[in-house]
Amino acid sequence: MSKKSKLIQKTDAATEALKSSRVRWVTGRSQVKVDIDEKKYRKVIDSIINDEIERHLITGVLKNQGSLTIEEISELTDLLPSTILQHIIALRMKGEVGEAGEKNSQYLYKFLL
């Protein structure tokens, strides 16, 4: 995949992540006056946004490429397999991703929505 394609893929994932209810809910905290440590708050926000972008990268490649193994997703997204597995677990719990069989002794995952 070319650098331009990867940049477009990441931009699309970031756009979709910013639309997610999880990000909107957390960033909506600025509308409510709550005393919290701003540094900790920013760190949590950055982590949540990064997670959402990575999850949208994963679901994006599953939408476009069909069923893939974690190794294949890693090659297409430049994310570590361990990171992908954590996101796959969360996405399965949300009903967005499911198993689609096996390939070379690895599970295949597909986008469900």
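Laboratory data are not the source of any read-out in this text; all were calculated from the coordinates shown. As the structure is a computational prediction, the values presented were derived from the model and not from experiment. With ideal geometry, Cβ positions are generated from the backbone for all residues, glycine too; neighbour counts draw on all protein chains shown.
A few comments on the model shown:
- The helix-based estimate of mean residue ellipticity at 222 nm for the chain, built from -39,500 (n - 2.57) per DSSP H run of four or more residues and divided by its residue count, is -21000 deg cm²/dmol to the nearest 500.
- If the segment from N50 to L112 were pulled out straight at 0.36 nm per residue, it would be longer than the present Cα-Cα gap by 20.1 nm.
- Among L18, Q65, L85 - extreme Cα towards positive end, dipole of the chain, charges at beta-carbon: L18
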